[in-house]
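Comments concern the structure below.
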Amino acid sequence: MTCERYWREGIVLVERGLPDPHRDGCADCTRAHASRQELIEALPLIGAGDTGDPYWQAKVWQRIDGERARAPRRWHWQLAGALTVACVVALWIGLGRVRSGDVRPRIEIIPKGTPMRSDDAHVDDRLRVTVGETSDVWIYRAGRLVLQCPARQGSGQVSDQCAPDAHGMVVEMILSVPGPYQVIVTAAPVAWRPGGVLDEDRAALETAGVHYEEDKRQVR
Amino acid sequence: MAMWKMPDDAVGQTGHDDGDIQAALRANDLRGALTLMMNRYGDEVYRFAYAVTHSHHLADEVRQQVFVEIYRDLASFGGRASLRAWVLGITRHRCLDATKKHRRWTNRFKNDPPPDEEPDDHELERALDRSKLARILAACLAKLAPAARDAVVLRYHQDLSYDEASAVAGDNAGTLQQRVARALPALRRCLDARLHAGAGR
């Protein structure tokens with residue numbers, strides 16, 4: 001005989017630590033309870049005496065030391081951080097130089113009065129061309145040469161309009177006459193003087209294989 | 001620096017005084033502390049893992065993982081629970097991971113036909129040597145659903161009170177009591193069936 005009630009209800013009371021009055025008067029349930037006792041007394045036998053791999057502690061240390069060896073060390077992170085900061089600073093300085101106008105060649109219109117840079121030019125504004133040491137600057141109005149500044153490197157030429165600076169030359173002229181202006185900036189010093197006509201001078205540069213940049217501004 | 005604070009009941013249910021581990025941690029001696037913990041709890045973790053996974057290989061693997069994890073988290077443990085409960089809690093989680101990877105028990109469980117009737121209570125009284133009984137019990141435990149198996153192991157294999165088991169398992173004590181109450185008859189049926197089969201051969 002078995003005691004269904006015990007396995008269904010009585011055992012819940014036992015696990016909750018509550019008394020089970022039915023069990024005292026039921027021989028089957030008493031036997032069932034004894035059977036449960038045997039079972040729970042046998043459970044600690046599982047794995048008793050088993051200690052597993054005798055070298056398990058050494059393997060734990062191996063894993064720990066292996067993980068530490070693989071993990072990036074703190075100074076690696078510090079170095080990476082320092083490099084990142086250095087890159088950011090370098091980038092910031094570089095951008096600052098770009099923003100501050102240290103890119104050459106650079107062509108700007110400086111309005112008369114309030115010194116604001118603009119692409120729109122008006123009479124009496126100034127045209128400023130900032131170039132490196134190896135560039136010639138030729139400025140034309142309506143295709144005719146109005147100003148020529150040889151490269152600072154080797155020329156030694158200094159004038160009010162062609163002023164050398166620490167990194168090359170700054171050319172400035174007042175745009176006193178309305179009309180189209182063209183600016184030629186060569187990549188290398190040119191050995192000859194320009195003829196004075198834009199199309200011909202441009203052709204001469206191309207024939208000689210001299211790289212150049214050309215910019216056009218309309219002065220109103 | 002190790003942030004270490006032992007609870008008032010630093011002496012666990014097993015009677016361990018973890019003061020030496022506490023001292024090692026205060027001295028920021030993590031390796032020393034782990035060595036003490038491995039010596040103290042290593043076998044218990046292994047037996048717990050074996051009872052849950054029913055595999056010596058998995059139990060060894062789980063034990064190694066547990067202590068690697070303990071070493072990693074030792075400095076930040078902070079004494080939120082008793083050391084033993086913390087160790088067993090980690091063990092339980094690693095066992096769950098291990099058994100998920102080895103789902104054989106699930107298939108066995110699903111393929112098992114339900115027992116036809118309650119076997120005679122006297123059958124448990126049949127003499128068997130303890131090691132054989134333990135092996136059969138381990139096999140039967142492995143067939144239980146994970147939550148029920150954990151509850152039984154924590155309560156009757158690890159001999160934790162329901163409140164302690166609750167702290168380890170993260171379920172309330174009443175839930176664990178219900179699980180155990182349902183699991184024990186299933187275990188007993190399994191045990192009797194195997195004893196029957198063994199006697200019939």
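The values are calculated or read from the model by the stated rules, or taken from the named source; none is laboratory data. On a predicted model such as this, the values are computed, not experimentally measured, just so you know. A quick note on method: Cβ atoms are made from the backbone with ideal geometry, for glycine too, and the neighbour counts reach across all protein chains shown. SASA here: full protein model, heavy atoms, side chains in, ligands and nucleic acids out. Shrake-Rupley method; radii C 1.70, N 1.55, O 1.52, S 1.80 Å.
Quick look at the numbers
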read-out: Rounded FRET efficiency, nearest 0.05, which uses the C-beta distance separating A:HIS167 from A:THR51 and R0 of 56 Å; value: 0.10
read-out: Accessible surface buried upon A-B contact (total; probe 1.4 Å; Å², nearest 100); value: 4000
read-out: Rounded to 10°, Cα long-axis angle of helix A:56-70 versus longest principal axis of chain A; value: 10
read-out: Where labels lie 7 Å past Cα in the beta-carbon direction, separation of A:TRP92 and A:LYS59 in nm; value: 5.2
read-out: Computed E for B:ALA147/A:TRP77 - FRET, C-beta separation, R0 45 angstrom, nearest 0.05; value: 0.60
read-out: Sites B:ALA75 and A:GLU4 - FRET efficiency at Förster radius 45 Å, r taken between beta-carbons, to 0.05; value: 0.25
read-out: Degrees, to the nearest 10: A:198-208 long Cα axis against longest axis of chain A; value: 70
read-out: Sequence-separation-based contact order of chain A, relative, with Cα cut under 8 Å and 6+ spacing, percent; value: 15
read-out: Spin-label model distance (nm) - A:GLU206 vs B:THR175, 7 Å beyond Cα toward Cβ; value: 8.4
read-out: Acute angle (nearest 10 degrees) that the helix A:27-42 long axis makes with the longest principal axis of chain A, alpha-carbon atoms; value: 50
read-out: Accessible carbon and sulfur surface of chain A relative to its total accessible area, %, 1.4 Å; value: 56
read-out: Protection-proxy order for peptides A:46-56, A:81-91, B:47-57, each taking the mean of Cβ atoms within 10 Å per residue, highest first; value: B:47-57, A:46-56, A:81-91
read-out: Calculated diffusion of chain A, Stokes-Einstein form, Kirkwood radius summed over Cα pairs, 25 °C and 0.890 mPa s, µm²/s; value: 95
read-out: Burial ranking of peptide ranges B:138-150, B:177-189 (average Cβ count within 10 Å, highest at the top); value: B:177-189, B:138-150
